[in-house]
Structures are given as C-alpha cells and as structure tokens.
Amino acid sequence: MQHAVELGETGFGRTAPNPCVGAVITRNGAVMAEGYHTACGAPHAEVEAIAQARAAGVDLSECTLWVTLEPCNHHGRTPPCTKAIIEAGIRSVGIGTLDPNPHVGGGGTAFLRDQGVEVEVGILEPACRDLIADFLLWQQEKRPGVLLKLAATLDGKIATRSGHSAWVSGPEAREEVHGLRGRVDGVLVGGGTLRADNPRLTCRSERALNKQPLALVVTSRLPEAQDDLHLLRHRPQETIFWTTDDQSRTPQADALRALGCRIWDLPLTASGMLDLRAGLTHFFDQGLGHTILCEGGGRLALALAEQGLADRLRLYLAPKILGDATAINLFSGRDELDMGQALPWRFTRSRQVGADMCLELRPQTQQGAARNGAPESIPAPRSR
Ligand SMILES: NC(=O)C1=CN([C@@H]2O[C@H](COP(=O)(O)OP(=O)(O)OC[C@H]3O[C@@H](n4cnc5c(N)ncnc54)[C@H](OP(=O)(O)O)[C@@H]3O)[C@@H](O)[C@H]2O)C=CC1
Ligand SMILES: Nc1c(N[C@@H]2O[C@H](COP(=O)(O)O)[C@@H](O)[C@H]2O)[nH]c(=O)[nH]c1=O
Ligand SMILES: [Zn+2]
C-alpha cells in the first residue's frame, strides 16, 4: 500500500477535481502491475493497474489489488471500477480509506463483498487519507490546497539579513520546484519576496506544460506600475495582487490594472492581517484552480500556517550554516511565546535531493480531513 500511496502522489496537480489515487496488484507479495489516476477523465488507478496486468498476461484471480481509495461504484466520467475488478476476476482487495463522499462511502466495498470478493479496509489509512486531503478541501472548504515550499540553511534561514537568497538549495532541488510550478494553478509570494527577489514565478522545467501558473502577491504596499519587476514587465495579465481595500482604491492600483494586473482587496482578520482564506476561496470561486504553491517568504509562511491554510510543507534543507541570528527565518512574525504555543506539524516523508534533504510535513491538526473549521461566512474579495 505504501507503494500505491507513492504512485498516487505522482498525480499531484493533474487530477482535479478528482483525488489522487494509486493502485498496485501483487501475487504472493510480488508486484505484478501498478497504476495511478493520471488526470481527470483518464482511467482510474485500479483500471490502469488491471490493464497493465492483463497486458503482461497475469492471472488476476491469484492476485490482490491494493488501492488507496475505495473503488467507485457508480458511472462518473468513467465506468465503475468495482465492475472492472469483478470482470477481471480479482478475489482479494485491500483498501486504504473509504470514499469520503457520504453518498458513495462504503458502496464500492459492499458491492465487492456481495460479489464474494474478500475486502479489507483501512490499510495505511492515515497516509491514504493524506492523499485525498486536498480533495476534501475542495469539497468541504471550497478552496485550493496550499503547498508551502521553502528552502533553508541548517540554521533555518531562507535568506541573509540583507535578503540575499540565490541560492539556498541546490540545482536538483530547484529543478524539482520548477516541476511543482508546472503542476499548480498559482504561485503565491509575500511582498517582501517580491521586493527582495523580483521573481518570475514561472515554470522553467523541461516538463513544463503550456500553461504557466498565475503569480499571486500578498502585499499592503503595492508596487508602482513603472517598477522594473519581471511580473509587471513580462506577465502582468497573469499577476494578481491580494491587498487591502485602501490600497485597491489608489491611483497606483489603477495604474497596475491598466497594465493588465488583477487587484483583489481582501478583508482583514481580527489581528489586522489580510485574510488569506478569503483570497484562496475567491481563487477557487473564480474557477482559477485547485492547487497553489506558496514560495515564501517567512512572514507569509507564518501567516498561512497561523490561519490554518498551509496544508503541506515541503522544506528543502541545504547543508549550509549562515550563523547570523538576524538573517531571515523560515517562519517569522510572532511575538515572544512559550513552547506550548508552537504550531505542531508532523513529518510525512524525507528524502535526499542532490545535496539537500527534502522534508515533507503536514500540520498536526490535519488528519487527511478538513480542519480548523472554515469561518461561517467570509466576505468575498472584490476585484476592482
Ligand atoms: N529560500 C527560500 O525558499 C525563499 C527565500 N525568500 C527570501 O525571503 C525574504 C523575504 O521574506 P520575508 O521578509 O519573510 O517576507 P515575505 O515574502 O513573507 O513578505 C512579507 C510581506 O508579505 C505581506 N504579507 C504576508 N502575509 C500577509 C498577511 N496575512 N496580511 C498582510 N500582508 C501580508 C506583507 O507585505 P507588505 O510588507 O508588502 O505589506 C509582509 O510584509 C527575501 O529575502 C527572499 O529572498 C523568499 C522566498 C523563498
Ligand atoms: N532562494 C530559493 C528559492 N526562492 C524562491 O524562488 C523565487 C525566485 O523565482 P524565479 O525568479 O522564478 O527564479 C524566489 O522569489 C523565492 O520565492 N527557491 C528555492 O527552491 N531555492 C532557493 O534557494
Ligand atoms: Zn473508479
């Protein structure tokens, strides 16, 4: 099932509005075939794996199918997977987690059991629920999933005290990030990063698709339209500023609109910060996409984490030490506190990428389910 989870992950950013799902077919513990849901409308993971097994001439009646999500039992964009499983002659199925849709949940399992298939549910359930966490956000919170990615030194610094950050991570890690950019609908940065880095926020990977992600900038200090910024000079039509109501009414905002940029004014939270949830919800409502990559910096990262909106963290840890306490932190913006107030996360994966370590985490409060209760009503941002 662990392998099925990893396969499912490879569909990240391609399956919306469907969840990521992976499937593996084994015989006596050996992998015979595998598959994952590659794109919305494409065959489901189980069907991919069954097709691969058939192509290899495997006798499926002797095999077990492991699938991260309960097989569907209804006609959607594709026929029911339960039917494909029965027709293939599979007699044993291991399921990671039931389909969270209350209308469907358990239906696929019951059908398979009725047909005499041996079904076990709940295998590696936490990891399988993590795999569908974004799907739950789309359904329940009506907002895109946010993957927060940061590159830091061993002492947790994302830039020097003067704001120099090119580069913290190595070329392999940076190439991986470009791959991520090619799978998301928007790349979000804070005003500090816009001013320090003048980023392009484009996908420049060989694996890039035609579509570039939108560039999203959170700032209460809009740039001047004549500023020499890549986003304004090269991709204003793909740039959206999330700002305050006051800023959105300035001549400066009008000049940015004249370039083609979009300006959204967001409501403020009780602590006077821009309400990032409102920005995300608006992005989703406008049909702009399901997945956002936040690339920092440290103050935006903390704001997202505090607002319960950093759904995953991918941290590239470079084997370097700055040793300057005033260099820029991975997360910053809180006042003095005690350890009990630390925001709790959990590790989900670690691996080496070039010379760097890539650590993947999720907030501890998120257990593969929507959490932190969306506010009952969020004033919609206005696009002026
Ligand atoms: N190594 C890495 O992975 C990365 C490094 N960096 C580096 O980090 C540095 C920038 O980081 P940092 O200084 O922490 O700045 P940020 O990029 O986090 O930007 C902070 C600014 O974003 C705006 N902002 C963020 N959240 C909110 C909110 N909820 N409400 C209102 N405004 C908000 C404010 O904008 P404003 O001030 O405009 O009003 C705030 O001052 C740069 O030196 C850059 O090179 C940046 C990204 C990644
Ligand atoms: N410094 C740093 C990163 N910085 C991120 O990349 C942005 C620059 O993007 P672009 O202008 O498109 O190349 C920058 O503003 C910040 O968000 N990323 C990393 O993977 N590793 C690094 O060491
Ligand atoms: Zn299916």
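Here the relative contact order of the range 9-95, from alpha carbon pairs under 8 Å that lie six or more residues apart, stands at 26 percent.
Taking a straight line from the alpha carbon of LYS157, these lysines sit under 27 Å away, with near neighbours fewer than eight places off in the same chain left out: LYS149, LYS320. Sum up the charges of everything whose Cβ sits under 14 Å from the Cβ of GLU48, counting Lys and Arg as +1 and Asp and Glu as -1, but leave GLU48 out. So the surrounding residues net to 0. Charge tally around GLY296: other residues with Cβ under 13 Å, Lys/Arg +1 each, Asp/Glu -1 each, net +3.
Sorted on the mean count of surrounding Cβ atoms within 10 Å across their residues, most packed first, peptides 295-303, 311-319, 162-170 read 295-303, 311-319, 162-170.
Exposure proxy for TRP345, TRP264: other Cβ atoms within 10 Å of each Cβ, ordered fewest to most, give TRP345, TRP264.
When you count the other C-beta atoms within 10 angstrom of each residue and take the mean per peptide, 122-134, 72-84 line up highest first as 122-134, 72-84.
Computed as a quarter of the hull surface, the mean projected area of the alpha carbon convex hull for the chain stands at 20.5 nm².
Working from Cα pairs under 8 Å separated by at least six residues, relative contact order for the chain is 17 percent.
Taking a point 7 Å from the Cα of ARG221 along the Cα-to-Cβ direction, none of the residues of the range 240-257 has its backbone N closer than 12 Å to it. Counted over all Cα-Cα pairs of the range 1-135, pairs farther apart than 24 Å make up 17 percent.
Report for the chain the percent antiparallel among DSSP-assigned beta bridges with both residues inside it, nearest 5. Antiparallel bridges: around 45 percent, rounded to the nearest 5. Annotation: peptides 337-343, 46-52, 13-19, ranked by per-residue average of other Cβ atoms within 10 Å with the highest first, follow the order 46-52, 13-19, 337-343. In order along the range 332-340, phi translates into HN-Hα couplings of 8, x, 9, 7, 4, 8, 9, 4, x Hz, rounded to whole numbers, per the Karplus curve 6.51 cos²θ - 1.76 cosθ + 1.60 with θ = phi - 60° and x for Gly and Pro.
Each part gets one Cα centre, and for the range 134-163 versus the range 1-36 those centres are 25 Å apart.
Put a dot 7 Å past the Cα of MET357, heading toward its Cβ, do the same for GLN52, and the two dots end up 3.1 nm apart.
Since every read-out is calculated from the coordinates, none of them should be taken as a lab result. For clarity, every value in this text was computed on a predicted model and none was experimentally measured. Neighbour counts run over all protein chains shown; Cβ positions are idealised from the backbone, glycine included.
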